[in-house]
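Notes to accompany the following structure.
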Amino acid sequence: MRDILILAALIAATPAAAVESLTSGPAIDYQPAVIRSSDDGARIVVFERLDPSSFSGDLWLIRSVDDGVSWSAPTAVIASSANERHPALVQNGPADYALFYLKGVGSSYRLWRATSADGISFSEQAQLDLGWAQSGEINPHVIRHADGTLTMSYQRLSGGSYLAQSSDGGASWDTQKTLIAAGSQLPRIAYRESDGLYLASYQIGSSALKMYVKTSTDPRDWSAPAQDFAITGNNHDSLPVVMPDGAFALFWIRQNGNGFDLAVRRSLDGVNWQAPLAITTTPAEDDVEPHPLIGASSTHVELYWGRDVPAGSMQHDIVRDPAVLVVDRIFVDAFEEV
């Protein structure tokens, strides 16, 4: 108990870090995908930048080689007359980066892959064959396993969340069209290496969205019943990760006033969840698409997201908080953090 109280006091005494703006201007910048390069330690953020007049997007990149103290000027890495959005960035090995995204015109979308040897410039490769005869794949989220396997969750416009895997760095994928949840949107997935447990999160609805989760130890079997996660109010943009202590942390946004705020919950088993912990409480601002960068800490993450000030102005910028608390100060002992 003494150690618990000491840790709680230290967390409470930690000064709140200021939220830093990484981009600016009239364009709509959000949906950041962030990694820390194993080559040089650089933080690499790829995000979508939308034209406010058409809402058509391109993918842009910023980098920091000094732990986030300074950032490069944004540069376009995937840009064409087509609509390119929803980046998912992974590093497969030394000088080997892969970027996945949706691309299309009108409502005809496919998922694509680009590669890079330096994490700065990317070359577009062929579109992904996921086994679907008709177009309609959107919103890829890709994670890398310790053995090099890539697992991707994605959505079909016709409805439903799906999973595919790759054993060659994302050049080819299985075509089994594994269903995670019918009628769902924006699926994201996490994998815990210690026990082979997958956690998938997704949203359902059209206006006031509800958030659900599923767990499985077999990536081909998602038949277990869904668990309620955030079903009161309006909930969007979930993203689960595995913390260094093995706990799952699931970030998402919930409506507050005219905009959305960020929140997080933790769980040891993906079924029983800690009470929500507010990350932002700014009803006059719109905070969307939280994407954490996991480090060595089991209590804090670097968090990147899109922020619109004031809410409704549609001028989102990419922002960063280098030290977001993800475990309740009072409830810290429940996760045996000491």
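The values are calculated or read from the model by the stated rules, or taken from the named source; none is laboratory data. Quick caveat: nothing in here was measured; it's all calculated off a predicted structure. We place every Cβ from the backbone using ideal geometry, glycine too, and count neighbours over all the protein chains shown. Side chains included, ligands, DNA and RNA excluded: accessible areas come from the protein's heavy atoms. Shrake-Rupley method; radii C 1.70, N 1.55, O 1.52, S 1.80 Å.
Where strands (runs of 3 or more DSSP E) sit wholly within the range 96-164, those with at least 1 residues that are surrounded by 14 or more Cβ atoms within 10 Å (Cβ to Cβ), at pLDDT 95 or above and over 21 Å from the mean Cα position of the chain (by Cα) occupy 96-105, 123-127. State all residues of the range 231-245 that are of a type in the set (G, A, S) and closer than 28 Å to E193 by Cα; if no residue qualifies, say none. Hit for the range 231-245 is S238, nothing else. For the range 12-57, a tally of residues being in a strand (DSSP E or B) and under 27 Å from G93 (Cβ atoms) returns 12. Within the range 36-70, if we keep just the residues that are surrounded by fewer than 18 Cβ atoms within 10 Å (Cβ to Cβ) and among the aliphatic types (A, V, I, L, M), the residue that is nearest to M314 (Cα to Cα) turns out to be V69.
Confirm whether L89 is assigned to a strand (DSSP E or B) and under 17 Å from L157 (Cβ atoms). So L89 does not fit the description; no.
Filtering L262, L277, L293 for residues that are more than 15 Å from the chain's Cα centre (by Cα) and either at pLDDT 95 or above or of a type in the set (F, W, Y) (or both) leaves a single hit, L277. A single member of A208, A224, A200 is out of contact with any Cys (no Cβ under 6 Å at 6 or more places or on another chain), closer than 18 Å to G159 by Cα and either without any contact (Cβ under 8 Å) to a residue 12 or more places away in the chain or surrounded by fewer than 23 Cβ atoms within 10 Å (Cβ to Cβ) (or both), and it is A208. Being buried (at least 21 other Cβ atoms within 10 Å of the Cβ) and in contact with a Gly (Cβ under 9 Å, 6 or more places away or on another chain) is the filter; apply it to the range 291-306 and report the residue that is farthest from S54 (Cα to Cα). The selected residue is V301.
When T75 is tested against the conditions (1) under 28 Å from A323 (Cα atoms); (2) open to solvent by 20 Å² or more (accessible area, probe 1.4 Å); (3) touching a Gly at 6+ places or on another chain (Cβ under 8 Å); (4) of a type in the set (S, T, Y), the lone failure is (3). Selection of the range 76-86 for residues being free of Cβ contacts under 8 Å to residues at least 40 places away in the same chain and assigned to a strand (DSSP E or B) yields A76, N83, E84. Do we find that R188 is assigned to a strand (DSSP E or B), in contact (Cβ under 8 Å) with a residue 40 or more places away in the chain and open to solvent by 10 Å² or more (accessible area, probe 1.4 Å) in this structure? In short, no.
The single residue among P283, P322 that is modelled with pLDDT under 95 and open to solvent by 40 Å² or more (accessible area, probe 1.4 Å) turns out to be P283. Taking the range 62-75 as the range and being part of a strand (DSSP E or B), polar (S, T, N, Q) and within 19 Å of L293 (Cβ to Cβ) as the test, only S64 passes. Among residues of the range 245-257 that are open to solvent by 10 Å² or more (accessible area, probe 1.4 Å), those with a beta-carbon under 7 Å from a residue that is part of a strand (DSSP E or B) and among the basic types (K, R) at least six positions away or on a different chain give the pairs G246/R192. Residue check: is P87 touching a Ser or Thr at 6+ places or on another chain (Cβ under 6 Å), open to solvent by less than 20 Å² (accessible area, probe 1.4 Å) and closer than 19 Å to Y30 by Cα? No: the conditions fail for P87. In this entry, L268 is excluded by the filter for residues that are at pLDDT 95 or above and either under 23 Å from E48 (Cα atoms) or open to solvent by less than 10 Å² (accessible area, probe 1.4 Å) (or both).
The set of residues from the range 111-149 being on the phi > 0 side of the Ramachandran plot and in contact (Cβ under 8 Å) with a residue 60 or more places away in the chain comprises just one member, G119.
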